[in-house]
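Participant: My questions will all concern the structure given below.
Read-outs: derived from the displayed coordinates by stated rules, not from any lab. Note that this is a predicted model, so its numbers are computed, not measured. For neighbour counting, all protein chains shown are included, and Cβ atoms are generated from backbone atoms with ideal geometry for every residue, glycine included.
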Amino acid sequence: MTETTTDQHSANPLLRPWGEPYGLPPFDAVKPEHFGPAFDLALASHLEEIESIASNPAPPDFANTMAALDCSGRLLDRIALLFHNLTASETSDALRAVQLQMAPRLAAHENAVFMHQALFQRIDSLHQMRAKLDLDTDQLRLLERVHLDFVRAGARLRDQERLRYGEIMSELASLCTRFSQNILAEESAYVLELKGVDDLAGLPGFVLEAARSAAAQRGLGASTYVITLSPSLAEPFLSFADRRDLREAVWRARIARGSNTGAHDNRPVAAQIMALRQEQAALHGFASYADYELVDRMAGKSDAVLQLLHQAWEPAKAHAVIDRQDLTAMALTLGQPTPIAAWDWRYLAQKVRAQRFDLDDTQLKPYFSLEAMIGAMFDCARRLFGLHFIEQHGIALHHPDARLWEVRNADEALVGLFIGDNFARTSKRSGAWMSVFRSQSGHFGGTLPIVINNNNFAKSNPTLLSFEDVRTLFHEFGHGLHGLLSKVRYERLAGTQVLRDFVELPSQLFENWALEPQVLQQHARHYENRQPMPLDVLEKLKRSRQFDQAWATIQYTGPALIDMALHALPNGTPVDIARFEAEQCERLGVPADIGQRHHLSHFQHLFAGSGYCAGYYVYMWAEVLEADGFDAFTEAGDAFDAPTARRLLQTIYSTGNTTNPADAYRAFRGRDPRVEPMLQKRGLLSAHAR
């Protein structure tokens, strides 16, 4: 390395030691142009580490192969995690350009590691003799998981197949990046400006405040109101706006994302992704991509997935017939057109809900300030797991809206850092998610996790949440706790690195505490007078929870069924994305006045990466586990029962991937899960029984 090169590296904040006291990334110093040179060095350094492990003249053993591999790539990991978090949470034109450039390079690097024959030979030889190695449970689990990682990444392929596999993975990385960037571009560009009193009709104050804030973020006038495609703004607009034509405009804009002819049309991108995935599956010897993915899932086979989904799908459609009658009657009462359309359903359902339960979001939101609900979720974590969150100020993060907390246990020992980034903006992708800037592991004296939760709430003063927003907040925090409470030796097994249909259990389970009366009585206080939510309002909220669940179930289950059908296509089947989706909707009988939460042209779960493809079903799979699992607290008679919480921590939240998930659940619950609590929770049990 020349002196000039050394100076360049020392000037790059990504390559210098990261700051005290927490080892956080140097957010305020990093620029997009720093990533290229930093990746150059980190990728080369990691390959040197891999080569050193693979060429070790000593016979392979757990320490010199598996443990060494788990410790490798730390520089690359920290740079890549920062990069991926920034491209999701606070991107820019310059960063997007780097992202397009790096996507195939990072995929090629990963392919080079997994295709390293000498390295795989060492791993494979250990795997073959694993019964004789006297490994403890964690060591055996690491060996089995890493061996499977390599096999699923093509380590057994030979010659031309290996070369083609590498090309496929690089092409997929570029296409998935383009898919995601296309969606962000369309979502960022869309605004519906509300002009005049008629456009504002029916909109409560919290929607108007959020619409004014969205306009201010876009540099528009102080008295301007705009509706964006952010769910936290678009969904309440669809629920309250009296202007049917404007509701239709917003609804159509949402479903059209990624399907508008032009530079951001995702339909050909998704078709190319599907062709490559089918080729990938064929190289592995599977008949379809779904078969390939489900090998490493709790479900195992597509039949198990379809059986679960149809247990909810058919009863939901039956219940929707009754709900439609009620909504049609409301439309006639209001002088609204019939038959109702998809852009009417939320609006009419809100009216029926208000009439039936004497309850709507305008009554609830004053009690659900974001600040109070953050306090509520922290308090639940304290009561369940003994955690304390101490906010830290004056430390630069990736955006001024982001906030930082130390996380300490009951003994005041630091267990990790938590970052909350809760507001929508044009530089941030839509949705809600948890990620890490650093994973927990037992290496190097213990590495503490740095966890981030991203939400896309409409920013206002104060920010008031719907109950669905509160559920989202608790859901992502459940993922966050899964990362923070991880207590394992090996990073590959840490935190949320579990099977995809198990990873949603900790998050969906934590949602239950958002509706606990004792939590709401303490924390759901009116943002102006600090009075607690009245008991009658709390009771109405609980009674209304099953209302309109047929609509919610259809909105979710339809896309899950279409995902499975798409990825179960035999290899070599060309896909016209729009035509395939239309045919599947007709085959399934998706009600036109309900529709789907996700359409293929903007279905980022499927096409922004491979994590949830042939896997959108996992939310319902995990819902079976969480509904049955939370019953353990109900049976104990206390939502914060200490022995049950301790067992939950020991078997689920802290163990990462050190245990087979089915065994982990049985260790918590004492038996296998039952589907009935999930159906009961959704109000679908009676129809299922029929």
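Participant: Once you sort the root eigenvalues of the Cα gyration tensor of region 3-156 as a ≥ b ≥ c, which label holds: rounded (a/c under 1.5), prolate (a/b larger than b/c) or oblate (the other case)?
Facilitator: Details: a/c = 2.16, a/b = 2.01, b/c = 1.07.
Taking the square roots of the gyration eigenvalues as a ≥ b ≥ c, region 3-156 is prolate.
Participant: Local charge sum around R164 (other residues, Cβ-Cβ under 13 Å, Lys/Arg +1, Asp/Glu -1)?
Facilitator: Numbers: positive: R158, R162; negative: D159, E161, E167, E171, E279.
Around R164, the charge tally is -3.
Participant: Using only Cα atoms, find the angle between the long axis of helix 267-283 and the longest principal axis of the chain, and express it within 0 to 90 degrees, rounded to the nearest 10.
Facilitator: Helix 267-283 and the main axis of the chain meet at about 40 degrees.
Participant: Moving to a separate point now. So how many Lys-Lys pairs in the chain land under 18 Å Cα to Cα, not counting same-chain pairs under 8 apart?
Facilitator: Qualifying lysine pairs in the chain: 11.
Participant: In addition: Give the angle, between 0 and 90 degrees and rounded to the nearest 10, that separates the Cα long axis of helix 549-567 from the longest principal axis of the Cα atoms of the chain.
Facilitator: Helix 549-567 and the main axis of the chain meet at about 40 degrees.
Participant: Quick check: net charge around A214, other residues with Cβ under 11 Å of its Cβ, Lys/Arg +1 and Asp/Glu -1?
Facilitator: Numbers: positive: R212, R218, R425, K459; negative: E193, E209.
My count for the surroundings of A214 gives +2.
Participant: Could you work out how far helix 159-189 tilts from the main Cα principal axis of the chain, as a 0 to 90 degree angle to the nearest 10?
Facilitator: Roughly 30 degrees between the two axes.
Participant: Can you tell me how much longer the chain between H84 and C71 gets when fully stretched, taken as 0.36 nm per residue apart minus their C-alpha distance, in nm with one decimal? Please report the intermediate quantities before stating the final value.
Facilitator: Values: separation 13, 0.36 × 13 = 4.68 nm, distance 2.06 nm.
Additional length available on full extension: 2.6 nm.
Participant: Binned at 5 Å from 0, what are the whole-percent values of the Cα-Cα distance distribution for region 333-466, short to long?
Facilitator: Result returned by the calculation: 2, 8, 13, 16, 16, 13, 10, 7, 6, 4, 3, 1, 0, 0.
Participant: Give me the compactness ratio for region 257-341, meaning the Cα radius of gyration over 2.2 N^0.38 Å.
Facilitator: Working: Rg = 20.7 Å, N = 85, 2.2 N^0.38 = 11.9 Å.
Ratio of Cα Rg to 2.2 N^0.38 Å: 1.74.
Participant: Treating the beta-carbon of each Lys and Arg as +1 and of each Asp and Glu as -1, no other charges, what is the dipole magnitude of the chain about its Cα centre, to the nearest 20 debye?
Facilitator: Numbers: 69 positive and 84 negative charges, 142 e Å.
In total the dipole reaches around 680 debye.
Participant: Rg over Rh of the chain, using C-alpha atoms and the Kirkwood radius, what does it come to?
Facilitator: Working: Rg = 25.3 Å, Rh = 26.6 Å.
Reported Rg/Rh, Kirkwood definition of Rh: 0.95.
Participant: Rank G258, Q272, G300 by how far each Cα sits towards the positive end of the charge dipole of region 251-343 (+1 on Lys, Arg Cβ; -1 on Asp, Glu Cβ) and give me just the farthest.
Facilitator: Highest projection toward the positive end goes to G258.
Participant: Within region 249-263, name every residue whose backbone N is under 16 Å away from a label modeled 7 Å from Cα of A592 along the Cβ vector.
Facilitator: In region 249-263, the label zone of A592 (backbone N under 16 Å from the point 7 Å along Cα→Cβ) covers 252.
Participant: Kindly identify region 594-686 as rounded, prolate or oblate by the Cα gyration tensor criterion: order the square roots of the eigenvalues as a ≥ b ≥ c, call it rounded if a/c is under 1.5, otherwise compare a/b with b/c, prolate if a/b is larger, else oblate. Numbers along the way, then the final one.
Facilitator: Numbers: a/c = 2.65, a/b = 1.52, b/c = 1.74.
In terms of gyration-tensor shape, oblate.
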